[in-house]
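These notes concern the structure reproduced below.
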Amino acid sequence: MTAEDEASIGGVDRAGPDRTGLDDAAAMRLLREGTLEVAGRLVEATNMTLYCSVATGEHAAACVYKPVRGERPLWDFPDGTLAAREVAAYEVAAATGWRIVPPTVLRDGPFGPGMVQLWIDADPDADLMTLMRSRNPALRRMAVFDAVVNNADRKGGHLLPLPDGHVYGVDHGVCFSVDDKLRTVLWQWRGRTLPREAVNVLERLEREIERGRLGRRLRELLTQAEVEATWERVKRLLATGVHPHPSDDWPAIPWPPI
């Protein structure tokens, strides 16, 4: 979560339970099966975003819970679909192997069905302005990922850099539109040839969306048209072999950029 969001959790012990020792598979089981307890609300978030603990008899962690009933209507996305889009973004990220999105599930909670995502404590000493303008390879992977999911809101504050250099991305509720809506602060590679690593990942995504588990999972979370559009974006990236340029029909950078 962003530093601003963290600061707005009034009276909540943000340290929460430690995630140490949890790999992504264990974290996913915890998020699906654990008992959710609401500790506070991120009051600066556009939609209802709740800071929670999630625990089983074996493990515990902090997480974010965004109930569907707390989503504000948008003119360009169907009502009540943002939580599923966040989970779909995690599924794509998991298929890349890049671990861009923290473990995320769709489940019932204290305020009904919603998205539940593992809380990630970002490096408090990281300079987001410097990071988002950098050529960090982790951000280049994220730029490819955002082009695949058609992320309409990649702000600097949606980047969670860790002390070890890994960078997570969060807040993917406005992804997967059938229209070109890519808005991002990560345009530094526009028009540049995709790295071989990215091409390999895109080739795998193309197969997985067409006839693999990823395609089946996305069809559970998105419309058929949105899944087809995702597949077409992957094929277009492979055909052009370059990072996309900003669209002439849509603002290139979200506001505010941080």
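Around the Cα centre of the chain, unit charges on the Cβ atoms of Lys, Arg, Asp and Glu (plus for the first two, minus for the last two) sum to a dipole of about 740 debye. Measuring r between the beta carbons of Asp23 and Thr130 and using R0 = 35 Å, the FRET efficiency lands at 0.70.
Computed from Cα atoms alone, the Kirkwood hydrodynamic radius reported for the stretch 126-258 is 15.2 Å.
Summed over the residues of the chain and divided among them, the accessible surface reaches 46 Å² per residue at a probe radius of 1.4 Å. Between Thr46 and Ile253, the simple spin-label model (points 7 angstrom out along Cα→Cβ) gives 1.8 nm. Placing pseudo-labels 7 Å out from each Cα toward the beta carbon at Ala225 and Arg192 gives an inter-label distance of 3.5 nm. Taking 0.36 nm per residue of separation and subtracting the Cα-Cα distance, full extension of the segment from Asp123 to Leu238 would add 38.0 nm.
When the solvent-accessible area of the stretch 24-243 is split by element, carbon and sulfur atoms take up 48 percent of it, the probe being 1.4 Å. Taking 7 Å along the Cα-to-C-beta vector as the label spot, tell me the Phe111-Thr56 distance in nanometres, rounded to one decimal. Roughly 2.6 nm, to one decimal. Take each peptide in 44-56, 120-132, 144-156, count the other Cβ atoms within 10 Å of every residue, and average; sorted highest first, the result is 144-156, 44-56, 120-132.
Shown here are the Rg and Dmax of the Cα trace of the chain, at 17.4, 53 Å. Report summary: the helix-based calculation at 222 nm, which adds -39500 (n - 2.57) for every DSSP H run with n ≥ 4 and divides by the residues of the chain, gives -10500 deg cm²/dmol.
The loop-placed GluC sites (Glu not before Pro) in the stretch 49-122, going by DSSP, that have at most 11 neighbouring Cβ atoms within 10 Å of their Cβ come out as Glu58.
The values are calculated or read from the model by the stated rules, or taken from the named source; none is laboratory data. All figures in this text were calculated on a predicted structure; none of them were measured in a lab. Every residue, glycine among them, receives a Cβ derived from its backbone with ideal geometry; neighbour counts consider all protein chains shown. What goes into the accessible areas is simple: the full protein's heavy atoms, side chains included, and nothing from ligands, DNA or RNA. Shrake-Rupley method; radii C 1.70, N 1.55, O 1.52, S 1.80 Å.
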